[in-house]
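In what follows, a structure is listed as structure tokens, so that the remarks can point back to it.
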Amino acid sequence: MFKRFISLYYGSIGFSEALVLVYGLISAIWETDEQKRRKISEHINKYFPNTKVYSYSSARSSIAACLGAWGIGPGDKVLISAFTCLAVPTGIIAVGAKPIYADIKHSSLNNGEDQLINLIDDSVKAIIVQHTMGFGVSFSKIKEIASEKGILIIEDCALSWGAAKSGILLGSKADAVIFSMELSKTISTGWGGVLLSRNDKLSIRLTEHYEILGKPGFKRVIKETFQTAISGICHKPGIHWIGKYIIYLFFKFKIFRYSTPDNEIKGSPSSDFILKLAGPQLMLLIFQWKKMSAIQFQYSNNISYITTSLAALENIKISDYDDLQHAVSPRICFYTEDRQLFTDWFLENGVEVGYWFDGPLSPLPESEKFNFDPELFPNANAVASHIVNLPFHCRLTPSDVRKISSLVRNFLLKYPEQKLIWLGL
Ligand SMILES: Cc1ncc(COP(=O)(O)O)c(C=O)c1O
């Protein structure tokens, strides 16, 4: 009962982050949000020079703000991956545009360039290039076509914060970039999104919009700050056995809110969908971004440990290994034959298993506004029913990494007829 449990959600918030949130709340007395935002811009510009930095209440609202500023609206199409979170098309329908999906390559979980290029027509006004689970998409051909046609490219680094390809950080090449700071991501402020713009026309319009944009009310800030701090702590491995009941009760009594509310699943984002990021979260944002080099270092050590320990096994395939990738991601993904068997094995041994993205647009939407039919995307659909994700975030201790690695190994030894494909790597 009191067993240590490695959750998918204790990756980014612990006691120190909870304290920073409280400090951020009090710091409103001597520091304005504007001053905090300036510090954030200075810091983020060290990694992404010559970009304008905007922070919003979520990454999905960053997408909407960006599309809106580019003048995208009803009648326009935006290309995205068919293997993604519902939040992405939600940002598109929030401005009245239509999401159009491109299938993925089986092994990389990413769109191939041609899969996106084949969908470009005169109504396509933006393309969201999603770098899934820390693995970068090459999109130089798309860039050429997009600049001829005036199409906006947004790199979606929600699942790839800190990841690099050929030594260049993902998020360094497009007109605009988004990062998600939601609880399940590599770094988090509970909820939050960062948008970078390196396009002058876009930046002018974004700045105009940002100046008049509202921020969450005091009650919401307190509730979200409380939820972030309590959830991070309740997901800690030693506390999770009781923490999960506390989290359950807070959701039951509607003190906690889900990251995707019902109205968004129904295709009706709320009127305050796009808001500025609030003060306490701004304070935590800068604290979190400062960890980038340490997280990159730790992640690459953890990945080399687990790849080495699994290398000699015959029933695991590491698909299309590309040694120029330096993935950083909150989870690692495997393609399983029997997903239930794999899940039961890990749960029995105290490790949570996730299913991103089992929709393959997840959660599956109820509204036609999303324009999504899984059957049209055979690769994404095939992966969706077999994929599993294991926690691989930066708060894993060396003994957690050893444990996860030996559990994968022991699963493969115990069930030699089962085959696993390590996706992305
Ligand atoms: C690939 C991807 N992009 C964007 C988002 C949106 O992030 P947020 O929850 O901050 O709106 C998500 C959410 O999980 C995601 O997985």
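Every read-out reported here was derived from the displayed coordinates using simple, explicitly stated rules and does not represent laboratory data. Computed from a predicted structure; not experimentally measured. Backbone-built Cβ (ideal geometry, glycine too); neighbour counts: all protein chains shown.
Okay, here's what the table says:
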quantity	calculated
Sorted by Cβ density within 10 Å, fewest first, the residues Phe251, Phe135, Phe226	Phe251, Phe226, Phe135
The chain, helix-only ellipticity at 222 nm - DSSP H runs n ≥ 4, -39,500 (n - 2.57), divided by all residues, nearest 500	-12500 deg cm²/dmol
Mean-position separation - Cα centroids, segment 63-137 and segment 321-389, in angstrom	19 Å
The chain: DSSP helices with Cα axial extent of at least 20 Å and average Kyte-Doolittle hydropathy no lower than -1.0	218-234, 292-310, 398-414
Which of Arg37, Arg60, Arg339 has the fewest Cβ neighbours within 10 Å, and the rest in rising order	Arg339, Arg37, Arg60
Dipole moment magnitude, nearest 20 debye, the chain about Cα centre, only Lys, Arg, Asp, Glu C-beta charged	1440 debye
For the chain, built as a Gaussian network whose Cα springs stay under 10 Å, the top-fluctuating residue of Ile239, Ile92, Ile127	Ile239
DSSP beta bridge pairing in segment 153-295, given as percent antiparallel to the nearest 5	65 percent
Square roots of five times the Cα gyration tensor eigenvalues for segment 106-242, Å	32, 22, 12
Fewest-first sequence of Cys66, Cys333 by Cβ atoms within 10 Å of each Cβ	Cys333, Cys66
Distance histogram for segment 292-423 (every C-alpha pair counted, 5 angstrom bins, percent rounded to whole numbers)	2, 9, 18, 21, 19, 14, 9, 5, 2, 0
Among Met292, Met283, Met133: highest mean-square fluctuation, GNM of the chain, C-alpha pairs under 10 Å	Met292
Kirkwood-based Rg to Rh ratio, the chain, C-alpha trace	0.94
Most mobile listed residue (Ala94, Ala69, Ala327) in the chain, GNM with C-alpha springs under 10 Å	Ala69
